[in-house]
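**Student:** Dropping the structure in here first, questions after.
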Amino acid sequence: MKEVDEDAEIVSFAYLFEQENGLRKNEISNFSKRKVNSSNVFKTALQNEFEKNEENYKTIANVLEAKTSKGALARTSATIANDLASLLVSEELQIFYPFDSEYEDDDTSVEEFYVSYDPLNNAQTNTGYKFHVGLTDIDVVDGMSNDFLDDNPVYVIVPIDPCDIPGRPCGFTELQPAPLDPNNELLPSGNQFLINNPGGFTGGNTGGTGSNNNNNNTVPTTTLLTANTNHNNIPESDIISSYIPRIQINGTSWMGFGGTHQKLRFFRGTTDGAVTQNADGTITATGTKYTIKDFRCKRKYVKRKKRWLGFDAEFDPDWNMTENTQVMAVFSLHHISATASAELTAKSGFKVEGGEIKPHTEASGSVKINFSLGSSKFRSNAEMSRRMILATIVGPGTTGRTINNNGVQYNVKKIGIVDYYFKHFYTDL
C-alpha cells in the first residue's frame, strides 16, 4: 500500500498478484519498475487457504470449476492459484485499510486485525471477521460500522472506483483541501479575480460604492459583496452571480460501508422558465433544474482529517428577483442499481402592473421540480430565498457560524451534513 498509495491505505488485487490488466491508475508507474516474481507470496497464500478449506468457499469453487472444461479433477495447484487471482482481478477489486494509527496512540503494531467487505447494497453496517496474530481462531463480528473501520485495523475488500481505473469514464471532480494561510484562515478562492471593490455593495440602484454610473457609458463593474445586502436594492436589470467556494462534509453517514470516497451531486432547482398568469390571479413560472457539480473526495477528508474542500462551483450566474426562492438538492452516488427521486418546491416573484407581468420582490407562485438520479440516494435539500441569502452573506446568521476567508467572516450554511458558504458578485449594468 505504501508503494502505490500516498495515504498507504489502498492496493488493487491486480497489483498484489502482479497482473498488469486491472491496475489502478496510481499503480501503473510503480508496476512498470517492479520486478515480477515467478513465485508470488499473495497468490501462494490464497492457494493454500483455498486448498485447505475449500468447503468454506463453495461459491468460488463452483466458479473455478466452471472455468475448466474437465471439471475440478483437471485443476492443479498452479491453475488454482492463477484462476483465483484472475477471478479477483477480473472483478476489479481492491483492499482498503482506512485505519490510521496516528489517531490510535501511534501504535502501528497490532495483535489482532479484522477483515470485511463492501456488501454492495449501500448498507451502513456489515459482518466482519476478527483474526488473532499467531492463532487460528477466527471470531465473527456482527454490525461493523464505518466508525468501526476508522477506529480499528480492518482490511475491507471493495470495488475499485471507476475514476481510478485507467481508461474508464469518471465525470467527477476530485475535491482537495482548501489552502490555508499561517493563521489557519482560508486563502482566496479562484473567483477572487472578479473583485473590484473589496468594501462591498452598500445599496441603491446606482450600483453602490465603487460602481460606475452607466449614464456616462462606462464599462460595468463587478463587486464582491462582503456585507449583508437588502435584495430590494438590486434590481432585475443588474446581476447577482452566486458561487460556492468551499464545502465541508461532516462524517461518513452518507457513505456506504467501506466506501473509499464520498461521491455527491449538487442540483439547483429554480423558476426561471415561462411565466403564466392563472385564472385565480396567481402567477407561476416553469421550473428548471441544473447540475451544480458532480464531485468526490477522499474518505479521510470527511472524518479523520476533515477539512474545508475547494468546491469553486457556480450556483447561479444571475440570481434574478423573479427567482424568489431556489432549492438545492444533494444526492450521494453508490454501487447500487436503485434510482433516487425527490419533488421539491421553488417560488417565483412577479406582479401584474399595467396589465403586464413584471418582476417583484414578493413571492407570487410556486412550482414543483422533480429530481432523479440513478445509482444514488437522495440526501437533503434546502429552499433558499434571495432575500435571506443576501441578508446573511456575512456574520452568524441563523446558523451561528462563520468562516474566515481572506479576512471576511462569511456565514456558514448547511444542507444535511454539508457546510458551505456563498460568495456573491454584483454587476451594475
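**Student:** Inspect the stretch 28-46 for any residue being of a type outside the set (Ser, Thr, Tyr) and over 38 Å from the mean Cα position of the chain (by Cα) and give the result as yes or no.
**Tutor:** Going through the stretch 28-46, the residues of a type outside the set (Ser, Thr, Tyr) turn out to be 28, 30-31, 33-37, 40-43, 45-46.
Filter again for over 38 Å from the mean Cα position of the chain (by Cα), leaving 37.
Among the residues of the stretch 28-46, at least one is of a type outside the set (Ser, Thr, Tyr) and over 38 Å from the mean Cα position of the chain (by Cα), which makes the answer yes.
**Student:** Would you call residue 83 farther than 30 Å from residue 148 by Cα, open to solvent by less than 50 Å² (accessible area, probe 1.4 Å) and at pLDDT 85 or above? Please lay out each step first, then the result.
**Tutor:** Working: farther than 30 Å from residue 148 by Cα: yes; open to solvent by less than 50 Å² (accessible area, probe 1.4 Å): yes; at pLDDT 85 or above: yes.
Criteria met by residue 83.
**Student:** Which residues, counting only those in the stretch 103-120, are in contact with a Ser or Thr (Cβ under 8 Å, 6 or more places away or on another chain) and at pLDDT below 85?
**Tutor:** Within the stretch 103-120, 107, 108 qualify.
**Student:** List pairs: first in the stretch 342-353 and without any contact (Cβ under 8 Å) to a residue 60 or more places away in the chain and charged (D, E, K, R), second part of a strand (DSSP E or B) and open to solvent by less than 70 Å² (accessible area, probe 1.4 Å), Cβ under 8 Å, 6+ apart or cross-chain?
**Tutor:** 343/369; 343/371
**Student:** Of all residues in the stretch 33-44, how many are out of contact with any Asp or Glu (no Cβ under 9 Å at 6 or more places or on another chain), at pLDDT 85 or above and open to solvent by 60 Å² or more (accessible area, probe 1.4 Å)?
**Tutor:** Residues flagged as out of contact with any Asp or Glu (no Cβ under 9 Å at 6 or more places or on another chain), at pLDDT 85 or above and open to solvent by 60 Å² or more (accessible area, probe 1.4 Å) within the stretch 33-44 amount to 1.
**Student:** So, in the stretch 321-371, of the ones that are of a type in the set (Lys, Arg) and more than 19 Å from residue 233 (Cβ to Cβ), which residue ends up most open to solvent (accessible area, probe 1.4 Å)? Talk me through it step by step, then tell me what you get.
**Tutor:** To start, the set of residues in the stretch 321-371 that are of a type in the set (Lys, Arg) comprises 347, 351, 358, 368.
Now restrict to residues that are more than 19 Å from residue 233 (Cβ to Cβ): 347, 368.
Details: 347: 66, 368: 123 Å².
Here the answer is 368.
**Student:** Tell me which residues, restricted to the stretch 86-102, are among the charged types (D, E, K, R) and either modelled with pLDDT under 85 or not in a loop (DSSP other than H, G, I, E, B) (or both).
**Tutor:** 100, 102
**Student:** Out of 189, 211, 241, I need the residue that is at negative phi, of a type outside the set (A, V, I, L, M, F, W, C) and at pLDDT 90 or above. Which one? Can you show your working first?
**Tutor:** Working: 189 fails: at pLDDT 90 or above; 211 fails: at pLDDT 90 or above.
Sole residue among the options that is at negative phi, of a type outside the set (A, V, I, L, M, F, W, C) and at pLDDT 90 or above: 241.
**Student:** I would also like to ask the following. Can you say whether residue 131 is surrounded by 14 or more Cβ atoms within 10 Å (Cβ to Cβ), free of Cβ contacts under 8 Å to residues at least 40 places away in the same chain and closer than 23 Å to residue 379 by Cβ, as far as the supplied structure shows? Step through it out loud before you land on a result.
**Tutor:** On the way: surrounded by 14 or more Cβ atoms within 10 Å (Cβ to Cβ): yes; free of Cβ contacts under 8 Å to residues at least 40 places away in the same chain: yes; closer than 23 Å to residue 379 by Cβ: no.
So residue 131 does not fit the description; no.
**Student:** What are the pairs, 6+ residues apart or on separate chains, where a residue within the stretch 23-36 that is on the phi < 0 side of the Ramachandran plot has its Cβ under 7 Å from a residue that is of a type outside the set (Phe, Trp, Tyr) and assigned to a helix (DSSP H, G or I)?
**Tutor:** Within 7 Å, the pairs are 23/14; 24/164; 25/164.
**Student:** If you don't mind, there's one more thing I want to ask. More than 18 Å from the chain's Cα centre (by Cα) and under 30 Å from residue 298 (Cα atoms) - does that describe any residue in the stretch 354-363?
**Tutor:** no
**Student:** Would you be able to tell me the number of residues in the stretch 159-171 that are in contact (Cβ under 8 Å) with a residue 60 or more places away in the chain and under 18 Å from the mean Cα position of the chain (by Cα)?
**Tutor:** 6
**Student:** Quick check on the stretch 391-415: of everything there that is farther than 15 Å from residue 180 by Cα and touching a Pro at 6+ places or on another chain (Cβ under 8 Å), which residue is least open to solvent (accessible area, probe 1.4 Å)?
**Tutor:** 411
**Student:** If you don't mind, there's one more thing I want to ask. Select from the stretch 256-292 the residues that are surrounded by fewer than 19 Cβ atoms within 10 Å (Cβ to Cβ), in contact (Cβ under 8 Å) with a residue 60 or more places away in the chain and part of a strand (DSSP E or B) and list them in ascending order.
**Tutor:** If the condition is that a residue be surrounded by fewer than 19 Cβ atoms within 10 Å (Cβ to Cβ), in contact (Cβ under 8 Å) with a residue 60 or more places away in the chain and part of a strand (DSSP E or B), then 275, 277, 288, 289 are the ones that fit.
**Student:** Report yes if some residue within the stretch 312-329 is under 23 Å from residue 186 (Cα atoms) and either hydrophobic (A, V, I, L, M, F, W, C) or within 12 Å of the chain's Cα centre (by Cα) (or both); otherwise report no. Full working, then the answer.
**Tutor:** First, pick out the residues of the stretch 312-329 that are under 23 Å from residue 186 (Cα atoms): 312-316.
From what is left, the residues that are either hydrophobic (A, V, I, L, M, F, W, C) or within 12 Å of the chain's Cα centre (by Cα) (or both) are 313, 315.
Yes: the stretch 312-329 contains one or more residues that are under 23 Å from residue 186 (Cα atoms) and either hydrophobic (A, V, I, L, M, F, W, C) or within 12 Å of the chain's Cα centre (by Cα) (or both).
**Student:** Here is a further query. If I ask for residues that are closer than 16 Å to residue 10 by Cα, without any contact (Cβ under 8 Å) to a residue 60 or more places away in the chain and either of a type in the set (A, V, I, L, M) or surrounded by fewer than 15 Cβ atoms within 10 Å (Cβ to Cβ) (or both), which ones from the stretch 138-156 would you list?
**Tutor:** Matches in the stretch 138-156: 154 only.
**Student:** Continuing with this model, one more query. Polar (S, T, N, Q) and assigned to a strand (DSSP E or B): does that describe residue 381? It would help to see each step written out before you state the result.
**Tutor:** Numbers: polar (S, T, N, Q): yes; assigned to a strand (DSSP E or B): yes.
Answer is yes for this residue.
The values are calculated or read from the model by the stated rules, or taken from the named source; none is laboratory data. The shown structure was predicted, so the numbers you read here are calculated from the model rather than taken from an experiment. Reconstructed Cβ throughout: ideal geometry from the backbone, glycine too, with neighbour counts over all protein chains shown. Accessible surface is based on the protein model in full, side chains and every heavy atom, while ligands, DNA and RNA are left aside. Shrake-Rupley method; radii C 1.70, N 1.55, O 1.52, S 1.80 Å.
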